[in-house]
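What follows is a short report on a single structure.
None of the figures in this text is laboratory data; all of them are computed from the coordinates on show. Everything numeric in this text was worked out from a predicted model, so none of it was measured. Ideal geometry is used to build each Cβ from the backbone, glycine not excepted, and the neighbour counts take in all protein chains shown.
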Amino acid sequence: MRALPETGLLRLKQVLEFIPVCKTTFWSGIKSGRFNITPIKNGRCVFYRAEDVRALIEQMAGESHQ
């Protein structure tokens, strides 16, 4: 597994390397608000900020310890 970059943009396939859920679960989580991350759309391409992905991972880790 690669390391999560400090900054930059990630495609969904890259995000799912760090958040072990399927695409449908990820998209449902964004739509329902469970995953607090905003996609960046550029035409047909969708990106996610590395900083947002890191914050989501930290949030999910905090929830699992409660």
DSSP loop (so not H, G, I, E, B), at most 15 other Cβ within 10 Å: list which trypsin sites (Lys or Arg not before Pro) in the chain pass both filters. ARG2, ARG11, ARG34, ARG44
Cβ-placed point charges (K, R +1; D, E -1), dipole of the chain about Cα centre in debye, nearest 20: 420 debye
With the contact rule set at Cα under 8 Å and sequence spacing of 6 or more, what percent relative contact order holds for the chain? 39 percent
From the helices alone, meaning DSSP H stretches of at least four residues, give me the mean residue ellipticity at 222 nm for the chain, per-run term -39500 (n - 2.57), in deg cm²/dmol to the nearest 500. -14500 deg cm²/dmol
With θ set to phi - 60° and the Karplus curve 6.51 cos²θ - 1.76 cosθ + 1.60, what are the ³J(HN,Hα) couplings of the range 33-46 in order, to the nearest whole Hz, using x for Gly and Pro? x, 5, 9, 8, 9, 9, x, 10, 9, 9, x, 8, 8, 10
nm² value of the averaged projected area, convex hull over the Cα atoms of the range 9-64: 3.7 nm²
Hey, can you grab everything whose amide H is under 5 Å from the amide H of VAL21? Only 5+ residues off in sequence or another chain; H modelled, so Pro and N-termini drop out. none
Each residue of the range 49-60 in order: what ³J(HN,Hα) in whole Hz does its phi give by Karplus 6.51 cos²θ - 1.76 cosθ + 1.60, θ = phi - 60°, with x for Gly and Pro? 5, 4, 5, 5, 5, 4, 5, 5, 4, 5, 5, 5
